[in-house]
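Student: Please read through the structure below; I'll follow up with questions.
The values are calculated or read from the model by the stated rules, or taken from the named source; none is laboratory data. Please read these numbers as outputs of a predicted model, since none were measured by experiment. All Cβ positions, even for glycine, are placed from backbone atoms using ideal geometry, and neighbour counts span all protein chains on display. Just so you know, the surface numbers come from the protein's heavy atoms only, side chains and all, with ligands and any DNA or RNA stripped out. Shrake-Rupley method; radii C 1.70, N 1.55, O 1.52, S 1.80 Å.
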Amino acid sequence: MKTIIVNFKQYHESTGRSAISLISLLNHAIDFKGIETFFAVSLTDLLSASEIYGDMVIAQHVDGVDSGPYTGHVSYRTLLNMGVRKSLLNHSERKVKKEIIAKTAMLCDKAGVELILCAADIDEVKMFSSLPVPFIAYEPPDLIGGNISVSTANPDTIRDAAVVCDRADKALLVGAGIKVPDDARKSVELGASGILISSGVVLSREPGDALSSLAKALL
Ligand code: G3P
């Protein structure tokens, strides 16, 4: 099974009133056996999106705090209460201290929230491979939002990350700068189980076509 996560970030095109219509458009564009697709939406859109699209909707961040007096946090219990069972953690636009990552991973694992733990380099991939998370997403920060994909700029790191993840029984996703099907195809050839993508879909003139051609390239 291959995985695509579309990160909605905080783009105007994918948040607030646009979030549900974008999910609806993307959902119609993908109907491929062998590929699971998730939409990482803004916290503000999580409840409305998950009520319609269920498990396809995931969070962009979660905090390792219980329910209670935690102003400004996103408790893993709140995610579960909204029917959301997956979240990104430690995205390079939302970094988290190492000790907090470990604590959050343990709590989420225990509570049944699956994490996609983002790693900026191979050292982080190695460090995170011992944590109880099903996915590690390797994304070099300097390539995010650009037009040079991680699979072109850092193929050796993807290969190395794939070996580490394979040994640790984690699914490896790769992201940053993925724009065209060939970027996705190469990522899988190098050992990834899927991709984490944002601007190549969200900011595309034809987001549905963009997602559909990337999905086909993973098969
Ligand atoms: O989480 C996805 C991400 O950071 C990559 O962004 O715009 O390069 O696809 P983008």
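Student: Taking segment 171-188 as the region of interest, how many residues are open to solvent by 30 Å² or more (accessible area, probe 1.4 Å) and more than 9 Å from the ligand (Cβ to nearest atom)?
Tutor: Summing the residues that are open to solvent by 30 Å² or more (accessible area, probe 1.4 Å) and more than 9 Å from the ligand (Cβ to nearest atom) in segment 171-188 gives 6.
Student: Among (1) touching a Leu at 6+ places or on another chain (Cβ under 9 Å); (2) part of a strand (DSSP E or B), where does residue 38 come up short?
Tutor: Looking at each condition in turn, residue 38 falls short on (1).
Student: Taking segment 126-147 on its own, how many of its residues are within 15 Å of the ligand (Cβ to nearest atom) and either surrounded by fewer than 16 Cβ atoms within 10 Å (Cβ to Cβ) or over 20 Å from residue 177 (Cβ atoms) (or both)? First the steps, then the outcome.
Tutor: Here is the first cut: in segment 126-147, the residues within 15 Å of the ligand (Cβ to nearest atom) are 135-147.
Checking the rest, the ones that are also either surrounded by fewer than 16 Cβ atoms within 10 Å (Cβ to Cβ) or over 20 Å from residue 177 (Cβ atoms) (or both) come to 141-142, 145-147.
Qualifying residue count, segment 126-147: 5.
Student: Next up: Does segment 1-25 hold any residues that are farther than 20 Å from residue 93 by Cα and away from the ligand (no atom under 14 Å from the Cβ), and which are they?
Tutor: Filtering segment 1-25 down to residues farther than 20 Å from residue 93 by Cα leaves 1-3, 17-18, 20-25.
Across segment 1-25, the qualifying residues are 1, 2, 17, 18, 20, 21, 22, 23, 24, 25.
Student: Hey, another quick one. I need the full set of residues from segment 77-90 which are within 19 Å of residue 135 (Cα to Cα) and open to solvent by 10 Å² or more (accessible area, probe 1.4 Å), in order please.
Tutor: Result: 80, 85, 86.
Student: Please indicate, with yes or no, whether at least one residue in segment 148-166 is open to solvent by less than 20 Å² (accessible area, probe 1.4 Å), closer than 23 Å to residue 31 by Cα and within 10 Å of the ligand (Cβ to nearest atom).
Tutor: Looking for residues that are open to solvent by less than 20 Å² (accessible area, probe 1.4 Å), closer than 23 Å to residue 31 by Cα and within 10 Å of the ligand (Cβ to nearest atom), one finds none in segment 148-166, hence no.
Student: Still on this structure: Of all the residues that make up segment 203-214, how many are within 15 Å of the ligand (Cβ to nearest atom), surrounded by fewer than 23 Cβ atoms within 10 Å (Cβ to Cβ) and in contact (Cβ under 8 Å) with a residue 60 or more places away in the chain?
Tutor: Of the residues in segment 203-214, 2 are within 15 Å of the ligand (Cβ to nearest atom), surrounded by fewer than 23 Cβ atoms within 10 Å (Cβ to Cβ) and in contact (Cβ under 8 Å) with a residue 60 or more places away in the chain.
Student: Also: Within segment 75-114, which residues are within 14 Å of the ligand (Cβ to nearest atom) and either of a type outside the set (Ser, Thr, Tyr) or in a loop (DSSP other than H, G, I, E, B) (or both)?
Tutor: 86, 88, 89, 90, 91, 92, 93, 94, 95 - these are the residues of segment 75-114 that are within 14 Å of the ligand (Cβ to nearest atom) and either of a type outside the set (Ser, Thr, Tyr) or in a loop (DSSP other than H, G, I, E, B) (or both).
Student: Being hydrophobic (A, V, I, L, M, F, W, C) and farther than 10 Å from residue 125 by Cα is the filter here; which residues of segment 159-173 pass it?
Tutor: Matches in segment 159-173: 163, 168, 171, 173.
Student: Looking at (1) in a helix (DSSP H, G or I); (2) open to solvent by 70 Å² or more (accessible area, probe 1.4 Å); (3) touching a residue at least 24 places away in the same chain (Cβ under 8 Å), which one does residue 123 not meet, given that it meets all the others?
Tutor: (3)
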